[in-house]
Amino acid sequence: MSFKTSSLASLSSLITKGTTPTTLGYAHSDSGIPFLRVQNIFSGQVNFKEDTLFIDSNTHTVLKRSQIQGGDVLVTIAGTIGRTGVVPHDAPEMNCNQAVAIVRPTQEIERSYLRHWLESQEARSQMLGSTVTGTISNLSLSQLGELRVPLPPLEEQRRIAAILDQAETLRTQRRAALALLDSLTQSLFLDMFGDPVTNDRGWPDNLTLGKAADITSGVTKGRKLDGKATREVPYLAVANVQDKALRLEGLKSIEATENEIARYQLKKDDLLLTEGGDPDKLGRGTLWKEELPECIHQNHIFRVRLTHTALHPLFLNWLVGSTRGKNYFLRSAKQTTGIASINMTQLRSFPLLVPPLPLQQTFATRIATIEALKTTHRRALAAQGALFASLQQRAFAGQL
C-alpha cells in the first residue's frame, strides 16, 4: 500500500527562514533571546541551551519573519541540509539565521511524523535533487515547499511516528553511552595525572618534546621528482588525522620514491599531529596503529616518534591534546584570518610532564578497556542505524 502525497507547502501555514542580524545593522548580544543556527538542530531536537547565540528583544522584533513558535518544525537548508527538529511548546521565544527554515505544519500532519519523514532517505533524495551547490549547498524555501510528503490518515501518522520514536530512543541511549565513555576517559586522565596546566602533582617538567622524540614533517605534494622512479603509496592528509582517531575514508595515495617511502614510512605508535587549522584544533593528533601495511604522511602532519623510554605513546598523545598542549600551541602559533599553525621549532620546545612510567602504562591499559567498550557500542549503533533506515523506508512506503 502506498500513501497519497501532498506538497509540504500545502501542509504548512508558513515556510520561512531567518536572517543574520548583522546584515541589517543589528548585532548579537551576550544574553536575551536564543538565536538558532544549524548546530542547534539535531536528530529531531532543538537545543537552545548550548552553543547558542543571542539577540535582544528589539532585534527580535525587527526579525519578525523568523520568530519561532512552539510546535514549529525547523529544517537546516544551507551547508548541512536536512537536519530537523521540533520546537517544544514550552520553549522560550527564539529566532534563527538564514540557514534554518521554519515550517509551521497545519492540522493535516503530525509534527513528529513530518520530522521523521524529513529525515528519511526519500526526503533527503528529494532535497539533494533540488539543492544548489556553489560555495555552499543550499535549499530554497520554494524547493522545500515542493517536497512531496506521503500523507496517510492522522491515526496512521501517529502510529508510524510512535514506532520510529521508540526505535530512535534506543539509538539515543547508545549515543549517550558513548558520550559517557568519552567523558570517562577525560576524567580518568585528570584523576590519574592531575591538572596538566598547573602540574599540581609536581611531575618532572624539564624535558621538552624535541629531546624525547624524533620529529619530522612529511612528503610535499607537487614536489619535483626529476624523473626518479616512483611508486604509488597511501598517504595521510590533515583530514585523516582527528583527535585521538584516524579517519581513513577518502584516504589518498601519492607517487613517492623508495627513499621517500623509507623516510616517511609510519611505524606503530608514531604520534601524528596536525600542523594547524582552527585555533581550537591545535594539538589534534592520534597514534598510528599500523592500520595499513604501508603508509606515509604529508608535510602538514608532524610525525613524532618517541626515543625516550620514560614516556608512553598514549600518555604523550593525551598530554599534547590536553589543555596544557592547547594553551602552549595557542601561545606559540602563528595566526592569520582565523587559522593557526605551529612550526617544528615550536613543537620541539613543548614542555612535557613525566609521571612514573608504570602509572602511564596503567592509564593506557584502562583506556584500552574503555576503547573496546566504545567499539562495541559503535558497532551496535551502526546496526541500529541500518535497522532504523529500513524501518523508515517501510513506514513511509505503507509497509509497516
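Data overview
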read-out: Sparsely packed trypsin sites (Lys or Arg not before Pro) within segment 272-380, loop by DSSP, other Cβ within 10 Å at most 15; value: K289
read-out: Residues D278 and S57, FRET efficiency given R0 of 30 Å [Cβ-Cβ distance, rounded to 0.05]; value: 0.40
read-out: Accessible surface, the chain, averaged per residue in Å² (probe 1.4 Å); value: 50
read-out: In Hz, Karplus ³J(HN,Hα) per residue of segment 201-216 (6.51, -1.76, 1.60; θ = phi - 60°; x = Gly, Pro); value: 8, x, 5, x, 9, 9, 9, 9, 4, x, 8, 10, 8, 8, 10, 8
read-out: Gain upon complete extension [L14, S140; 0.36 nm per residue less C-alpha separation]; value: 43.9 nm
read-out: Neighbour net charge for G218 - beta-carbon separation under 12 angstrom, K R +1, D E -1; value: +1
read-out: Distance between modelled label sites at T345 and L357, nm, 7 Å Cα→Cβ extension; value: 3.3
read-out: Interchain or long-range residues, amide H under 5 Å from K17's placed H; value: I102
read-out: Cα gyration tensor shape of segment 165-308, rounded if a/c is under 1.5, else prolate or oblate by comparing a/b with b/c; value: oblate
read-out: Amide hydrogen neighbours beyond the local backbone of V149, cut-off 5 Å, H modeled; value: S6, S7, L8
read-out: 5 angstrom amide H check on S349, placed H, neighbours 5+ away; value: G210
read-out: Inter-label distance for E255 and S29, nm, one decimal - labels placed 7 Å from Cα along Cα-to-Cβ; value: 6.2
read-out: Length added when fully stretched, A397-H89, from 0.36 nm per residue minus Cα-Cα; value: 107.9 nm
read-out: Degrees between helix 154-193 axis and first principal axis of the chain (Cα, 0 to 90, nearest 10); value: 20
read-out: Gaussian network model of the chain, springs between alpha carbon atoms under 10 Å - residue of A310, A229, A167 with greatest fluctuation; value: A229
read-out: Lys, Arg +1 and Asp, Glu -1 on Cβ, resulting dipole of segment 200-290 about Cα centre, debye, nearest 20; value: 180
read-out: Theoretical FRET efficiency, 1/(1+(r/R0)^6), r = Cβ-Cβ of K268 and S390, R0 41 Å, to 0.05; value: 0.60
read-out: Whole-Hz ³J(HN,Hα) from phi, Karplus 6.51 cos²θ - 1.76 cosθ + 1.60, for segment 315-329, glycine and proline x; value: 4, 4, 4, 6, 5, 5, x, 7, 4, 4, x, 4, 4, 5, 5
read-out: Unit charges on C-beta of K, R, D, E only; dipole of the chain, Debye; value: 560
read-out: Whole-percent carbon and sulfur share, accessible surface of the chain, 1.4 Å; value: 52
read-out: Charge context of P92, other residues only, Cβ under 15 angstrom, K/R +1, D/E -1; value: -4
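The values are calculated or read from the model by the stated rules, or taken from the named source; none is laboratory data. What you see is a predicted model, and the numbers here were worked out from it, not measured in a lab. Every residue, glycine among them, receives a Cβ derived from its backbone with ideal geometry; neighbour counts consider all protein chains shown. For the accessible areas, the whole protein counts, side chains as well, though only heavy atoms, and no ligand, DNA or RNA atoms are used. Shrake-Rupley method; radii C 1.70, N 1.55, O 1.52, S 1.80 Å.
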